[in-house]
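One structure below.
The values are calculated or read from the model by the stated rules, or taken from the named source; none is laboratory data. These numbers were taken from a predicted model, which means no experiment stands behind them. Virtual Cβ from ideal backbone geometry, glycine too; neighbours counted across all protein chains shown. Please note that ligands, DNA and RNA were not included when accessible areas were found on the heavy atoms of the full protein model with its side chains. Shrake-Rupley method; radii C 1.70, N 1.55, O 1.52, S 1.80 Å.
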Amino acid sequence: AEDNLQIRKLITSRLKHLGAVVETAENGKIAWEMLTLKPDFKPDVVLMDMMMPEMNGVELLGQMRKSTTHRNVPVIVVSARRDRKLVILLMRIGIQGYIVKPLKVGEALMRIAEVIRDGTSIKLGAPL
């Protein structure tokens, strides 16, 4: 989930160019609704910002980790926050990566590839 439309569009276009199926949400609440209301939606990885309206990234991540359906979905956080304590907390909750903004698309794509390397297809559930 990413509330910044420009960042959402940038990552979405680059991932689609690589053949990924991408779903986007502008905040954590919409992302959570997508995850819970679409039974066939099973993303290989979720990209999310931490600072979003309605439901922030920590809340969304918490909901995902409580869910039997989505607890094992890999999560990569993309955030402007450089708070080491936050990153440690998020790692304990179960994120697979943390990318600091301003976003370097190449770095983001490499991290996504690392996370889903063992998968046979690319389906990105953005909350992005």
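At a glance:
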read-out	value
Sequence-distant lysines (8 or more away, or on other chains) whose Cα lies within less than 17 Å of Lys38	Lys29, Lys123
The chain - convex hull of alpha carbons, volume per residue in Å³	95 Å³
The chain - mean residue ellipticity at 222 nm from DSSP helices (-39,500 (n - 2.57) per run, n ≥ 4, rounded to 500)	-13000 deg cm²/dmol
Carbon and sulfur %, accessible surface of the chain computed with the full protein complex present, 1.4 Å	53 percent
Cα-based shape type of segment 62-112, given that a ≥ b ≥ c are square roots of the gyration tensor eigenvalues and the cut on a/c is 1.5	oblate
Residues of the chain: accessible area per residue with a 1.4 Å probe, Å²	55 Å²
Only Lys, Arg (+1) and Asp, Glu (-1) charged, at Cβ; the chain dipole about Cα centre in debye	340 debye
Net length gained if the chain between Met51 and Lys85 were fully extended (0.36 nm per residue, minus Cα distance)	10.7 nm
Cα-based reach from Lys9 at 18 Å (exclusive), listing aspartates and glutamates while leaving out same-chain residues under 8 positions away	Glu23, Glu26, Asp49, Glu107
Segment Leu10-Arg71, length gained on full extension (0.36 nm per residue, minus Cα span)	19.2 nm
